[in-house]
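A short write-up of the structure that comes next.
The values are calculated or read from the model by the stated rules, or taken from the named source; none is laboratory data. Keep in mind that this is a model prediction, so the values were computed, not measured. As a convention, Cβ positions derive from the backbone with ideal geometry for all residues, glycine included, and neighbour counts pool all protein chains shown. Accessible surface is based on the protein model in full, side chains and every heavy atom, while ligands, DNA and RNA are left aside. Shrake-Rupley method; radii C 1.70, N 1.55, O 1.52, S 1.80 Å.
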Amino acid sequence: MRYSYETLKVVLKDGVLVATIANPSLNLLDTKLLTDLDRFTAAVANDQNVKVIVFESADPDFFVPHGDMGFVDDPAAFATLSIGTDQDQRLNPMQRLFERIRKLPQVTIGKLAGRARGGGAELLQAMDMRFASLERGYLAQMEAPTGIIPGAGGTVYLPRLVGRARAMEIVLGADLFDAATAERYGWINRALPDAELDKFVARLSRNIARLPDGVIGAAKSALDSNFGDPTNALLEQNRLLGETFKQPAAADFTRKALKNGAQTREGERNLEAILHDVEQ
Amino acid sequence: MRYSYETLKVVLKDGVLVATIANPSLNLLDTKLLTDLDRFTAAVANDQNVKVIVFESADPDFFVPHGDMGFVDDPAAFATLSIGTDQDQRLNPMQRLFERIRKLPQVTIGKLAGRARGGGAELLQAMDMRFASLERGYLAQMEAPTGIIPGAGGTVYLPRLVGRARAMEIVLGADLFDAATAERYGWINRALPDAELDKFVARLSRNIARLPDGVIGAAKSALDSNFGDPTNALLEQNRLLGETFKQPAAADFTRKALKNGAQTREGERNLEAILHDVEQ
Amino acid sequence: MRYSYETLKVVLKDGVLVATIANPSLNLLDTKLLTDLDRFTAAVANDQNVKVIVFESADPDFFVPHGDMGFVDDPAAFATLSIGTDQDQRLNPMQRLFERIRKLPQVTIGKLAGRARGGGAELLQAMDMRFASLERGYLAQMEAPTGIIPGAGGTVYLPRLVGRARAMEIVLGADLFDAATAERYGWINRALPDAELDKFVARLSRNIARLPDGVIGAAKSALDSNFGDPTNALLEQNRLLGETFKQPAAADFTRKALKNGAQTREGERNLEAILHDVEQ
């Protein structure tokens with residue numbers, strides 16, 4: 001299988017595929033990156049040479065800052081994205097993409113250094129495991145102050161990781177969480193010193209990729225048999241996301257955030273300051 | 001809406017309602033406080049001006065020590081309390097009150113400094129989130145040594161927060177947990193230095209209260225769609241509570257605890273010493 | 001009731017039964033120990049004088065290293081072990097034994113100092129609570145590199161304790177976890193300094209054993225009413241375990257591990273080094 005994308009660098013070695021997100025200037029989850037992730041995940045799902053997929057970022061400051069806020073001016077363009085076409089079509093495109101990632105036969109590992117907010121955080125939550133840099137890893141569900149709820153799996157994947165009380169704090173408080181707190185909450189498997197993160201993930205990935213045939217599939221199936229199908233909760237998420245979008249003022253919050261510096265490199269460093277003020 | 005109660009001071013500002021429990025001498029969850037909480041929660045459920053409700057205590061040492069042990073001498077008075085009349089009448093009065101709190105449309109936040117045991121701990125568990133003072137926050141389910149099980153939601157709300165193994169330790173060990181351990185167990189969202197607790201909760205509450213219309217309701221619904229209805233487990237809790245109450249000696253344990261200092265300010269500081277000895 | 005076994009020392013005092021695993025040279029979960037655990041648990045289930053059962057190890061380095069790898073040469077001997085005859089016969093013998101332990105009417109507490117891997121870790125997971133020595137407690141599900149999945153409850157009990165993401169890391173990474181990490185993951189209730197562990201468990205056990213009549217049973221029933229029956233997930237685990245066993249090379253991995261030092265005292269100290277290399 002050949003993997004070649006504009007916004008995603010793919011290197012496969014000994015069963016471990018490293019997919020590096022490289023979508024300058026910010027690694028925004030825009031149409032380009034969504035499309036590349038869609039093409040990549042559709043292809044890799046059938047690649048028997050790939051045992052483990054590690055997602056990382058080429059940008060030291062941003063894993064994926066969030067979905068492209070520009071969609072607010074053309075919601076139809078988002079709703080009709082031809083993405084995740086093999087998934088339940090009642091889900092929105094980003095939900096369909098992340099559900100495909102969640103159900104990949106390989107073991108998926110998110111390596112987080114830099115910020116992952118909104119859809120970037122949900123992308124990570126769709127993976128099997130997450131490891132973050134203690135010094136540089138940050139997570140947030142920042143949708144609420146822009147008038148919507150997380151709409152790409154977050155309200156479903158997140159409570160499975162951190163429980164209802166902490167998911168409520170994350171979603172409604174919409175604050176930036178450092179890696180140490182994210183580990184205490186269960187949002188990530190573990191926070192590791194930046195100097196150890198690469199080695200830790202490389203070793204874990206290599207050990208898993210070298211497991212005897214059949215073990216990865218059997219282990220994933222055995223673990224998954226404990227959990228119900230999330231489709232109904234995802235449909236409810238999508239319905240409620242639509243309700244919030246319908247609020248007359250909803251798009252204005254995002255437009256104001258954009259005007260105040262969102263989706264600029266400087267603004268994204270402390271996006272919370274922009275968002276928590278935007279509705280004043 | 002006007003809120004005026006004997007044992008509950010209510011202040012509403014910019015969508016954040018702070019309800020301060022002030023029921024001297026100990027903040028016991030007695031008929032007075034239960035009745036005020038019932039009236040307050042019935043009223044506030046329909047108050048569209050209230051977005052966030054913070055419950056705190058006026059007493060620096062006790063949030064709510066527990067339910068009034070005096071009910072042991074008049075169980076009928078407890079069972080027939082006219083509380084939570086809009087809830088499932090097969091539940092006991094305290095379960096009905098806490099179920100109403102659990103289902104409030106607002107975001108409910110418990111701010112814990114001092115001790116919360118028994119029904120006081122269950123009151124906190126019925127809320128959406130809990131934050132505690134690292135130095136002064138303490139939690140316990142202290143019912144077991146008095147011959148009963150937690151009967152106001154605890155055996156249902158608690159395992160959802162901390163899992164079965166830690167809930168078993170909390171309920172059967174009946175020990176006092178400091179805030180740091182409670183955080184590690186997931187019993188509370190987070191333990192914060194006493195000097196930061198007020199500011200943290202105030203900021204979080206303000207940010208949530210200022211969220212655009214519709215977001216709070218959509219987020220709560222989306223998160224709740226992941227969890228089953230707890231009514232059957234609450235009915236089973238109530239049935240089993242009744243079984244333990246029927247034990248001939250059950251009331252005696254509580255009477256002895258009262259004789260040994262329970263429900264006095266000094267005795268309540270180290271209630272565990274009284275309770276773990278009471279059955280000798 | 002008289003309890004006398006070759007590999008299990010049993011002492012009962014004031015309602016607390018301490019069962020000390022003593023099966024030299026390694027405390028392997030072999031036919032002898034499995035049979036003694038089966039006879040012990042069948043008998044104790046009906047002993048009303050026993051309120052709390054503490055499982056500990058006589059070996060300072062090993063709680064239970066894992067199931068006897070020798071079964072690989074005689075899988076029929078394992079499959080036909082006459083163990084857990086009162087349990088669902090569609091489950092394998094070790095699942096049946098651990099399900100009986102999981103459903104004991106008493107409160108079961110694992111006290112972990114030394115290593116518990118594979119079936120030894122699953123034995124602990126079947127108990128109500130687990131406390132470990134901060135300095136000497138270690139846990140691993142080490143099955144994956146030997147070509148199989150944990151087959152005695154692990155893929156069912158473990159995600160209930162630590163969630164899917166961390167269970168995936170534990171099962172597929174197959175690494176040794178120290179007690180501090182195990183606590184953060186929720187695998188154990190708590191890690192305690194070695195010098196405090198015995199006292200902590202003794203005090204907790206004594207307090208629970210002294211609880212008034214009826215409280216233990218009511219609390220366990222009330223807590224269990226929140227969780228579904230795990231039988232279907234256990235059947236799926238057993239089916240998938242069988243699939244991995246059928247791989248032509250599966251038994252070879254175990255035989256190589258044995259040749260490289262597994263099941264020797266020295267080899268078991270760092271079994272991961274042997275296992276992660278065995279498949280090269």
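Numbers for the structure displayed
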read-out: Selected residue [out of contact with any helix residue (DSSP H, G or I) (no Cβ under 9 Å at 6 or more places or on another chain), within 14 Å of chain A (Cβ to nearest Cβ) and within 30 Å of B:Leu241 (Cβ to Cβ)] from C:Gly228, C:Gly186; value: C:Gly228
read-out: Meets criteria (of a type in the set (Val, Ile, Thr), within 14 Å of chain C (Cβ to nearest Cβ) and either in contact with a Pro (Cβ under 8 Å, 6 or more places away or on another chain) or assigned to a helix (DSSP H, G or I) (or both)) for A:Thr181; value: yes
read-out: Odd one out for B:Lys256, checked against (1) within 29 Å of B:Ile109 (Cα to Cα); (2) in contact with a helix residue (DSSP H, G or I) (Cβ under 6 Å, 6 or more places away or on another chain); (3) not in a loop (DSSP other than H, G, I, E, B); value: (1)
read-out: From A:Leu172, A:Leu161, A:Leu176, residue being more than 26 Å from A:Lys103 (Cα to Cα) and at the interface with another protein chain (Cβ under 7 Å from one of its Cβ atoms); value: A:Leu172
read-out: Within the range C:1-17, tally of residues that are among the hydrophobic types (A, V, I, L, M, F, W, C) and open to solvent by less than 40 Å² (accessible area, probe 1.4 Å); value: 4
read-out: Scan of the range B:54-79 for residues that are more than 19 Å from B:Met142 (Cα to Cα) and charged (D, E, K, R), ordered by number; value: B:Glu56, B:Asp59, B:Asp74
read-out: Residue list for the range C:184-195, filter: outside any strand (DSSP E or B) and open to solvent by less than 40 Å² (accessible area, probe 1.4 Å); value: C:Tyr185, C:Gly186, C:Trp187, C:Ile188, C:Asn189
read-out: Any hit, the range A:176-185, residues being over 20 Å from C:Ala180 (Cβ atoms) and modelled with pLDDT of 95 or more; value: yes
read-out: Count - residues of the range C:101-112 that are open to solvent by less than 10 Å² (accessible area, probe 1.4 Å) and closer than 12 Å to C:Ser57 by Cα; value: 2
read-out: Meets criteria (away from chain A (no Cβ under 14 Å) and among the aliphatic types (A, V, I, L, M)) for C:Ala218; value: yes
read-out: In the range A:228-280, the residues that are within 22 Å of the chain's Cα centre (by Cα), open to solvent by 80 Å² or more (accessible area, probe 1.4 Å) and under 19 Å from B:Pro212 (Cβ atoms); value: A:Arg239, A:Phe245
read-out: Single unsatisfied condition, B:Asp198 versus (1) assigned to a helix (DSSP H, G or I); (2) open to solvent by 10 Å² or more (accessible area, probe 1.4 Å); (3) at the interface with another protein chain (Cβ under 10 Å from one of its Cβ atoms); (4) in contact with a strand residue (DSSP E or B) (Cβ under 8 Å, 6 or more places away or on another chain); value: (3)
read-out: Unique residue being open to solvent by less than 10 Å² (accessible area, probe 1.4 Å), out of contact with any Ser or Thr (no Cβ under 6 Å at 6 or more places or on another chain) and not charged (D, E, K, R) when the list is A:Ser225, A:Ser221, A:Ser205; value: A:Ser205
read-out: Residue count, the range A:232-270 (criterion: within 11 Å of chain B (Cβ to nearest Cβ) and β-branched (Val, Ile, Thr)); value: 2
read-out: First in the range C:171-189 and under 14 Å from B:Arg166 (Cα atoms) and among the hydrophobic types (A, V, I, L, M, F, W, C), second anywhere and in a helix (DSSP H, G or I) and open to solvent by 10 Å² or more (accessible area, probe 1.4 Å), Cβ under 7 Å, 6 or more apart; value: C:Trp187/C:Leu161; C:Trp187/C:Val162
read-out: Evaluation of B:Ala76 against (1) over 26 Å from B:Arg269 (Cα atoms); (2) in contact with an Asp or Glu (Cβ under 7 Å, 6 or more places away or on another chain); (3) aliphatic (A, V, I, L, M) (one fails), failing number; value: (2)
read-out: Scope the range C:27-55; condition part of a loop (DSSP other than H, G, I, E, B), in contact with an Asp or Glu (Cβ under 7 Å, 6 or more places away or on another chain) and buried (at least 20 other Cβ atoms within 10 Å of the Cβ); matching residues; value: C:Asn27, C:Leu28
read-out: Filter result for A:Leu211 (in contact (Cβ under 8 Å) with a residue 12 or more places away in the chain and facing chain C (nearest Cβ under 8 Å)); value: yes
read-out: Wholly within the range A:59-149, strands (runs of 3 or more DSSP E) carrying at least 1 residues that are basic (Lys, Arg) and without any contact (Cβ under 8 Å) to a residue 12 or more places away in the chain; value: none
read-out: Residue match in the range C:5-17 (condition: in contact (Cβ under 8 Å) with a residue 60 or more places away in the chain, at negative phi and part of a loop (DSSP other than H, G, I, E, B)); value: no
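Let's see how each residue does on (1) surrounded by fewer than 24 Cβ atoms within 10 Å (Cβ to Cβ); (2) more than 22 Å from A:Tyr185 (Cα to Cα):
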| site | (1), (2) |
| --- | --- |
| A:Gly84 | no, yes |
| A:Gln95 | no, yes |
| A:Gly114 | yes, no |
| A:Leu134 | yes, no |
| A:Leu139 | no, no |
| A:Gly154 | no, no |
